[in-house]
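Colleague: Right, I'll just put the structure down here and ask away after.
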Amino acid sequence: MIETRIARRYLWAARKQAHTAFLSVISMLGLAVGVATLLISIALLSGLQGQIKSRLIESSPQLLVEPAGQNMIDGADEVIAAARALGIKDIRPYISGIAWGANEALQTGRPMRVRSFVGKRRSRDVPEIQLTRGFAASLGRSAGDFILVVAPRTRLTPFGPVPVMRRYRLSRIVVPEGEQDTADAWLLHDDASSLFGTGGRPTAIEMYGDASRAEEVQAALAQKFPRLQFKTWKEINRPLFLALRLEKIVMFATISLIIFVAALNLVSSLSMLILEKRPSIGVLRTLGATEGSILSLFMQLGLLIGITGTILGNLFGLGLSWAANTYHLIPLPPDIYFISYLPFTLDVEDIVGVNVVAVLLSVIATWYPARVASRLDPILAIKEE
């Protein structure tokens, strides 16, 4: 097209005009810096979020089975057998609930979250309990001391209903490994069943396995056991995933302002070029060029500058992200952080999104000066020559 050839000629001829050439180079570099900054930032954020998601997948159950309309799961053995038939090997039924833990000597106490675990009883006489370090400290208890636990239920006696209470020996103080530890105390399965009165029935079942088959197993079990709730690891961690996605969107929108500022430079450089080419525009109009042709000419000229800057930004941003992730250019102390280096990961949709934003802002910035050029009076423009 004639407009494309003229646009290239104008851009090449601008090199002879020092001021115009300087503005064009600044516009290209501005777009390149904005695109590269956005790509590197999104790559870093995606890498860190990928590490968080992978740890969530490792620590979260593939499926969490909970009762609907009651506190215990009836027919848990059937559910476990059906899950094993679907290829799930690591299945952990457990009992959980809220109880009151008290220090009888100090007459102090507080609510605690209790969870059952599978193990062997060390002493036949006194049941044992395990507490987190923080909860044991809050009660002023140490290993070997006794804890009074009050269950959230009552039993009927000749004197009326009284709370169910059990006395346990503190056998171990547990140091939580991370934020995924949601329990304050642990009891053997039989002891937890006796405390909460479940009759051996679990209150939930965790199933660990291949996370990619979570929806498939969920659909099969939900169809067979419609009275139970089956949550995948994605549904369990949905609030966190939504927060991570929102964080990525906010960062993308914020850093895109750098590209917007660079696009404003494109307006000034293109306006200067149009000012210098006013006589040539008048000549083109007298030779039969329409307003649409002039508009297309300068739109293409602005896009050439914008696309060149975008390509340079992609080369720098993608190259630096790849090198930093491949060669671990930014190490971290492993004794402080859960990773040894800063990871950089870029998805295809992120790269496409950045480039679309850069090109779109270039088009928007180019439109106004191109529109002004297309409406120039050819007679007045030629007289300026």
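The values are calculated or read from the model by the stated rules, or taken from the named source; none is laboratory data. Remember, it's a predicted structure, so these values are computed and weren't measured experimentally. Please note: Cβ atoms are built from the backbone with ideal geometry, for glycine as well, and neighbour counts cover all protein chains shown.
Colleague: Going by the structure shown, is Leu264 in a helix (DSSP H, G or I), in the same structural domain as Ala373 (by TED's automatic domain parsing), touching a Pro at 6+ places or on another chain (Cβ under 8 Å) and within 30 Å of Asn355 (Cβ to Cβ)?
Modeller: So Leu264 does not fit the description; no.
Colleague: Another question about this same structure. Against the conditions (1) out of contact with any Lys or Arg (no Cβ under 8 Å at 6 or more places or on another chain); (2) assigned to a strand (DSSP E or B), where does Ile88 fall short? Just the number, please.
Modeller: It is condition (2) that Ile88 fails.
Colleague: Next up: How many residues are assigned to a helix (DSSP H, G or I) and over 20 Å from Val33 (Cα atoms) when one looks only at segment 267-280?
Modeller: The qualifying residues number 9.
Colleague: Can you find a residue in segment 48-70 that is closer than 30 Å to Ala253 by Cβ and either modelled with pLDDT of 95 or more or not in a helix (DSSP H, G or I) (or both)?
Modeller: There is at least one residue in segment 48-70 that is closer than 30 Å to Ala253 by Cβ and either modelled with pLDDT of 95 or more or not in a helix (DSSP H, G or I) (or both).
Colleague: For segment 46-66, indicate whether the set of residues that are surrounded by fewer than 20 Cβ atoms within 10 Å (Cβ to Cβ), more than 30 Å from Leu346 (Cβ to Cβ) and without any contact (Cβ under 8 Å) to a residue 12 or more places away in the chain is non-empty.
Modeller: no
Colleague: Check Phe344, Phe338 and return the single one that is outside any helix (DSSP H, G or I), in the same structural domain as Thr37 (by TED's automatic domain parsing), at pLDDT 95 or above and more than 30 Å from Pro279 (Cβ to Cβ).
Modeller: Checking each option against the conditions leaves just Phe344.
Colleague: So how many residues does segment 290-322 have that are under 19 Å from Leu266 (Cβ atoms), among the hydroxyl-bearing types (Ser, Thr, Tyr) and crowded, with 22+ Cβ neighbours inside 10 Å?
Modeller: 1
Colleague: From the list Leu376, Leu329, Leu320, which residue is assigned to a loop (DSSP other than H, G, I, E, B) and either within 28 Å of Ala253 (Cα to Cα) or not assigned by TED's automatic domain parsing to the domain that holds Ala21 (or both)?
Modeller: That would be Leu329, the only listed residue that is assigned to a loop (DSSP other than H, G, I, E, B) and either within 28 Å of Ala253 (Cα to Cα) or not assigned by TED's automatic domain parsing to the domain that holds Ala21 (or both).
Colleague: Additional query: Among the residues of segment 200-208, is there at least one that is surrounded by fewer than 15 Cβ atoms within 10 Å (Cβ to Cβ) and not small (Gly, Ala, Ser)?
Modeller: No, segment 200-208 contains no residue that is surrounded by fewer than 15 Cβ atoms within 10 Å (Cβ to Cβ) and not small (Gly, Ala, Ser).
Colleague: I'd like to know if segment 299-312 contains one or more residues that are over 30 Å from Ala21 (Cβ atoms) and modelled with pLDDT of 95 or more.
Modeller: no
Colleague: Name the residue, out of Asp191, Asp210, Asp184, that is more than 30 Å from Thr308 (Cα to Cα) and in contact with a Lys or Arg (Cβ under 6 Å, 6 or more places away or on another chain).
Modeller: Of the residues listed, the single one that is more than 30 Å from Thr308 (Cα to Cα) and in contact with a Lys or Arg (Cβ under 6 Å, 6 or more places away or on another chain) is Asp184.
Colleague: What number of residues in segment 119-140 are modelled with pLDDT of 85 or more and among the acidic types (Asp, Glu)?
Modeller: Residues flagged as modelled with pLDDT of 85 or more and among the acidic types (Asp, Glu) within segment 119-140 amount to 1.
Colleague: Return the residues of segment 146-183 that are surrounded by 14 or more Cβ atoms within 10 Å (Cβ to Cβ), more than 29 Å from Pro61 (Cβ to Cβ) and not β-branched (Val, Ile, Thr); say none if nothing qualifies.
Modeller: Result: Phe146, Leu148, Met165, Arg169.
Colleague: What tally of residues in segment 82-110 results from selecting those that are charged (D, E, K, R) and either free of Cβ contacts under 8 Å to residues at least 40 places away in the same chain or touching a Cys at 6+ places or on another chain (Cβ under 8 Å) (or both)?
Modeller: 2
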